[in-house]
Amino acid sequence: MTIWYGGDYNPEQWGPEVWTEDMALMRRAGVNLMSVGIFSWASVEPRPGEFDFGWFDRVMDNFADNGIGASLATMTASPPPWLSHRHPEVLPRQEDGTILWPGSRQHYCPSSPVYRDYAARLVEQVAARYSGHPALTIWHIGNEFGCHVRQCFCDVSAEDFRRWLRARYGTIDELNRAWATSFWSQRYSDWAEIHPPRTAPTLLNPGQRLDFARFSDDALLECYRAEREIVRRFSDKPVTTNFIGLVHKPIDSFKWALEQDVVSLDSYPDPVSGRAHKEAALGYDLVRSARGGQPWLLMEQAPSAVNWREHNVPKPPGTMRLWSWQAVAQGADAVMFFQWRQSLGGAERFHSAMVPHGGTQTRVYEEIRALGQELTLVEGGGRIRADVAVLHDWDNWHAVEGDAHPARIDLFETLMAHYEPLFDANVTCDVVHPSADLSGYKLVVVPNLYLLHDGSALTRYVHNGGHLLVSYFSGIVDAHDRVHPGGYPAPLREVLGLRVDEFWPLSEPTMLSFNGTRDTASLWSEWLTLEGADVVATFDDGRPAVTRHAHGAGLAWYVATRPSPSLMRTLLDNACAEAGVQPVLTGLPEGVQAIRRGRHLFLLNHSGERVTVAVPPGGTPLIGTAKLDPRDVAVWSYPEGV
Ligand code: GLA
């Protein structure tokens, strides 16, 4: 299949003369899919119940006439001013009661029946009108759900939260048990006494906070589902909604992925960060894994600079091309941007676009046009095979970053600390939920899985021959954020062959010894009692820092601290070697990412150096050569089975 290429199109910001030029420029740029209608609500329904789709018909017809598909939005992402003017109760509230007013976007309470009713009425109109349109290619529900309003604390949400809790726990006694409300006199006797975790004198109940995070995610998912069901009544085209992925805690991508026909992701790596492409890579591996390896869509990225960081540096020449190919290499079947034509007014007028303020005689449009041609040289659809799985769980993310822990943990940083050495070693990874089928992986890496209800699947995986690497503060609490009795980490003690007696966070980096070398560790340490595990690395006081335990036919490593990046790399290299995990290519120059996807081998030079890669024989070059300039890309095609 052809790779989709395009971006967000906001024609309501321009007159029809510009639309005609847009079509010519899109054709020149090789565009074949446009996301449209995302912020069109106020333009198609200028007054309640009064619909004006005439102009939008022309936009859709233009697409059809020019061979461009529409990723058609349900138009509900930014309610028109009349909605909150008539019904101020749809406006969301923060923890402290602050109202989030209109004048921006996404100013709706996800639980609001009023918002949902008006949204449903609009989606019916859109779906009925365009389901048979020849340009319609895919449905784009909402937009970046939860991007700005992650949780709403208003009274409507409070009532919805109570309903959600009743469905989850059945009885108030069960809820009291789950939330451990005998602590601090929090015992509830009636559902009506329960509130969202609003601003309070001090620390809030962890179970309540975790459930509110789950509820808030579900409230948004309900909005998504309601729109999807309407669309499906009229159309059998695939349905998606764009995630922000691993930088976005409110939306559980694993859960939402199952509700879509194809997953799409918006990705905005920061060009000034040296590891931006690695952070992006982690997110790409996750969205690909979220639907079992199915190709995904890069729904948005910036052609150059964004406008929402403190300091917005453009993408240097070649970077947009390199990062676009990176997404394709890691499983994307679409390369899309925010947005087509750079706005003259509004909050995003300094965000880059495919057609900049300066028009087509610009570096950015030229790079966009060139990439559009180049993408046609490669077929999408290919699958990726990974021998390593990194575990991630949204419930754990909420819980492990909760209040009042021995030390503050940033789970994204922990994930990166484990993922980056694997990326640098050119080991292909999937990023999966702990409940996924792990049996096909040679190595499973478990960063800070603090919330783990049940360790039996991981124990069984190792028993059957799998290799496991678990890092500190894992297996501590159950699904309600209550500590497992029986010594930490109770669900993993058997497989790891140890017990954690005490957490001992480090206020300064410390030294440890590993295989005759000395290195550093920081943030965290633990006092372990060994119950069968062997010591691999020790702190200077002689206590174990890293252990290894043979269990059944497999092996389980435990890392009781945060090792320096170099030591983490050594540990993971060792774990990979013992598990029989191979890099995609050996002897690659530093900074070159290699990925095999289907019959293609992608080489991506993220470094600032010119490099030569020893490309395996038997392939045909599709793009580039074995000599790659800084930020260069090469793609080779291999016959089946080579
Ligand atoms: C998000 C939104 C877009 C736009 C971009 C700007 O991804 O979905 O509408 O605001 O950010 O980077």
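Every number here is computed from the coordinates shown, using simple stated rules; none is lab data. Computed from a predicted structure; not experimentally measured. Please note: Cβ atoms are built from the backbone with ideal geometry, for glycine as well, and neighbour counts cover all protein chains shown.
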*Please list the non-local residues whose amide H lies under 5 Å from the amide H of Val390, H modeled 1.01 Å from N, same-chain partners needing a gap of 5 or more.*
Asp430, Val431, Val432, Val445
*Report relative contact order for segment 87-243 in percent, whole number only (criteria: Cα-Cα under 8 Å, sequence separation at least 6).*
35
*In terms of Cα to Cα distance under 20 Å, which lysines are near enough to Lys249, apart from those fewer than 8 places away along the same chain?*
Lys278
_Nearest-20 debye value, segment 592-637 charge dipole, Cβ charges on Lys, Arg, Asp, Glu_ = 180
*Count charges around Arg288 for me, please; just the other residues with Cβ under 14 Å from its Cβ, Lys/Arg as +1, Asp/Glu as -1.*
+2
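With a sphere of radius 10 Å drawn around the Cβ of Phe412, what net charge do the other residues whose Cβ falls strictly inside it have (Lys, Arg +1; Asp, Glu -1)? Display every interim value, and only then the final one.
Numbers: positive: Lys249; negative: Glu279, Glu401, Asp410, Glu413.
Neighbourhood net charge equals -3.
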*Quick one: of the DSSP bridges fully inside segment 24-162, what percent are antiparallel, nearest 5?*
20
*Sorted by packing (mean other beta-carbon atoms within 10 Å per residue), highest first, where do 183-191, 581-589 land?*
581-589, 183-191
*List the cysteines of the chain that have no other Cys Cβ closer than 4.7 Å: which are they?*
Cys147, Cys154, Cys223, Cys429, Cys576
*From the backbone phi of segment 379-394, what are the Karplus-calculated ³J(HN,Hα) couplings (6.51 cos²θ - 1.76 cosθ + 1.60, θ = phi - 60°) in whole Hz, Gly and Pro given as x?*
8, x, x, x, 9, 10, 10, 10, 9, 10, 10, 9, 8, 9, 8, 5
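Based on Cβ point charges of +1 for Lys and Arg and -1 for Asp and Glu, what charge dipole magnitude is obtained for the chain about its Cα centre, in debye rounded to the nearest 20? If you can, show how the numbers build up before the last one.
On the way: 57 positive and 77 negative charges, 158 e Å.
So the magnitude is around 760 debye.
Give the residue list of GluC sites (Glu not before Pro) in segment 554-609 that are DSSP loop and have at most 10 other beta-carbon atoms within 10 angstrom. Could you put the intermediate results ahead of the total?
Numbers: sites: Glu578, Glu590, Glu609; in loops: Glu590, Glu609.
Passing sites in segment 554-609 are Glu590.
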*Given Ala575, Val400, Val445, which one lies farthest toward the positive end of the charge dipole of segment 388-579, if we put +1 on the Cβ of every Lys and Arg and -1 on the Cβ of every Asp and Glu?*
Ala575
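Between the DSSP loop rule and a limit of at most 13 other Cβ atoms within 10 Å, which GluC sites (Glu not before Pro) in segment 283-371 are left? Don't skip to the answer; put the middle values down first.
Details: sites: Glu300, Glu310, Glu348, Glu366, Glu367; in loops: Glu310, Glu348.
Those satisfying the criteria are Glu310.
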*asked:* Give me, ordered by chain and number, the residues 5 or more places off Gly30 or on other chains with an amide H under 5 Å from its own placed amide H.
replied: none
_In whole Hz and in residue order, list the ³J(HN,Hα) couplings for segment 242-248 that follow from phi through the Karplus curve 6.51 cos²θ - 1.76 cosθ + 1.60, θ = phi - 60°; x for Gly and Pro._
8, 8, 9, x, 6, 9, 10
*asked:* From the phi angles alone, apply the Karplus equation (6.51, -1.76, 1.60; θ = phi - 60°) to segment 175-185 and give each ³J(HN,Hα) in whole Hz, x where the residue is Gly or Pro.
replied: 4, 4, 5, 4, 8, 6, 6, 5, 6, 6, 6
*Net charge near Trp308: determine it from the other residues with C-beta under 14 Å of the C-beta of Trp308, scoring Lys and Arg +1 and Asp and Glu -1.*
-3
*asked:* Which one, Ala127, His107, Gly67, is farthest towards the positive end of the dipole of segment 41-127 when Lys and Arg carry +1 and Asp and Glu -1 on their Cβ?
replied: His107
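When DSSP beta bridges are limited to those with both residues in the chain, what percentage is antiparallel, rounded to the nearest 5? Could the numbers behind the result be given before it?
Working: 46 of 89 bridges.
Given both bridge residues lie in the chain, the antiparallel proportion sits at roughly 50 percent.
For n ≥ 4 DSSP H runs only, could you compute -39500 (n - 2.57) per run for the chain, divide by its residues and tell me the 222 nm figure to the nearest 500? Walk me through the intermediate numbers first.
Numbers: 17 runs with 196 residues, N = 642.
The per-residue figure over the chain is -9500 deg cm²/dmol.
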*So what's the gap between the Cα centers of segment 545-581 and segment 621-642, to the nearest angstrom?*
33
